[in-house]
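Here the structure is laid out as structure tokens; the discussion comes afterwards.
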Amino acid sequence: MTDGPEPDRADTDRWARARERIDDLLLGGPRTMTRGEVHERTGLSAEYTARLWSALGFPSTPDGERAFAETDVDALELSGRLLEEDTFDEAEELAVARALGQGLGRLAEWQATLVRRTIADTGRDDPDAVVAAVESLVPALERLQTYVWRRHLAVTAGRMLSLLADDEPAENRVVVGFADIVGFTSLSRKIDEVELRELLERFETVCTEVVARRRGRIVKTLGDEILFVAERVEDAVDIAFRLHDEVPGDDERLSLRIGLALGEVLPRYGDVYGPVVNIASRLTSEARPGTVLVDEDLTAALRETDLDLDIRAVPQLNVRGYRHLRPHVVRERRG
């Protein structure tokens, strides 16, 4: 006895064929190999491939399941060659794999959502429509991703070559900033999903444009908060002022608090670490809506610039990990 109607066999077969067609497009062919067969082909140990697979963010597969395609073998063989050539040691390779897996995993989730929206009007119950959407979107997205990656690499490589040409020390002294939406949790409870998505889209779009326009870099977006860096103190404070100007929009539903700190960071796989990051985060938590709170080092650096700023001390802060922060509020003088 069953709880409901059995699925139509022909319909099940259509969805199975759709998955095979998508695998052919995305993986370059069908999944024909087990884990053991992959190890035999590559000569890599089961322990190493399992660690790499996990670092990339892929779920583990049972030993007997035919879950791997030729492209998986190619990637693992390339990984093994990089190790043999001492391009990476294993710890570095796993760290790179984690960075790639996390970043591209998020990108893949967004792109899958894009596919779902694309097929919504053509019939989400039609496997052929799903395949057609994937075949249409994926090649274009792949070309765009490759272009953006190479363009970013060109910018980064140019900066590195400039330092080498000028024989400048490889310092990583930057301004670290956080911009956080005020009262986001409360706001998200009062609006529907469509409005929430629109507000987040506006926040991320404006932040991306403002930070890029002033030669900064967004390190990561954390839901209702961004972490960014800028090499010049003038650019960093201008980013903060422009974010306060442009993020709220005409309806002024969004308000920000921003904290900035100047100091050495440890760059690691696109992220940044160090006490200055923690200080900027603490200052952001303590900043009042619509204000920019900066640390002592940045305050001193700003006083040496030609910027027309109103810099005022605020009471000393005792926050977790930092008992004697002496921040200042920085405002733009406007005639």
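Below is a table of values for the structure above.
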item: Given (1) under 16 Å from the mean Cα position of the chain (by Cα); (2) without any contact (Cβ under 8 Å) to a residue 60 or more places away in the chain; (3) farther than 23 Å from Arg151 by Cβ, index of the condition Thr208 fails; result: (3)
item: Qualifying residue in region 208-220 (condition: in contact with a helix residue (DSSP H, G or I) (Cβ under 6 Å, 6 or more places away or on another chain), over 20 Å from Ser281 (Cβ atoms) and crowded, with 17+ Cβ neighbours inside 10 Å); result: yes
item: Among the residues listed as Val276, Val272, the single one being among the β-branched types (Val, Ile, Thr), over 27 Å from Arg202 (Cα atoms) and not in a loop (DSSP other than H, G, I, E, B); result: Val276
item: Ala240 in a helix (DSSP H, G or I) and either in contact with a Leu (Cβ under 9 Å, 6 or more places away or on another chain) or not β-branched (Val, Ile, Thr) (or both); result: yes
item: Near pairs, Cβ below 6 angstrom, 6+ apart or cross-chain, from region 179-193 (more than 26 Å from Ala261 (Cα to Cα)) to any residue that is assigned to a helix (DSSP H, G or I); result: Ser188/Leu196
item: Long-range neighbours under 9 Å by Cβ, at least six apart or interchain, first residue touching a residue at least 60 places away in the same chain (Cβ under 8 Å) and within 9 Å of Tyr269 (Cβ to Cβ) within region 91-103, second buried (at least 17 other Cβ atoms within 10 Å of the Cβ) and small (Gly, Ala, Ser); result: Ala95/Ala55; Val96/Ala55; Arg98/Ala55
item: Residues that are assigned to a helix (DSSP H, G or I), surrounded by fewer than 12 Cβ atoms within 10 Å (Cβ to Cβ) and at pLDDT 85 or above, drawn from region 165-197; result: Thr185, Ser186, Arg189, Lys190, Glu193, Val194, Arg197
item: Given (1) closer than 19 Å to Ser285 by Cα; (2) part of a loop (DSSP other than H, G, I, E, B), number of the condition Arg253 does not satisfy; result: (1)
item: Qualifying residue in region 281-301 (condition: among the polar types (S, T, N, Q), outside any helix (DSSP H, G or I) and more than 30 Å from Glu201 (Cβ to Cβ)); result: no
item: Single condition Ala140 does not satisfy, out of (1) hydrophobic (A, V, I, L, M, F, W, C); (2) exposed (fewer than 14 other Cβ atoms within 10 Å of the Cβ); (3) closer than 26 Å to Arg17 by Cα; (4) at pLDDT below 85; result: (4)
item: Residues being among the small types (Gly, Ala, Ser), more than 21 Å from the chain's Cα centre (by Cα) and at pLDDT 95 or above - total across region 231-286; result: 2
item: Where Ala91 falls short, out of the listed (1) small (Gly, Ala, Ser); (2) exposed (fewer than 11 other Cβ atoms within 10 Å of the Cβ); (3) at pLDDT 85 or above; (4) within 25 Å of the chain's Cα centre (by Cα); result: (3)
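The values are calculated or read from the model by the stated rules, or taken from the named source; none is laboratory data. Just so it is clear, the model here is predicted, and its values are computed rather than measured. Here the Cβ is made from the backbone with ideal geometry for all residues, glycine too, and neighbour counts use every protein chain on show.
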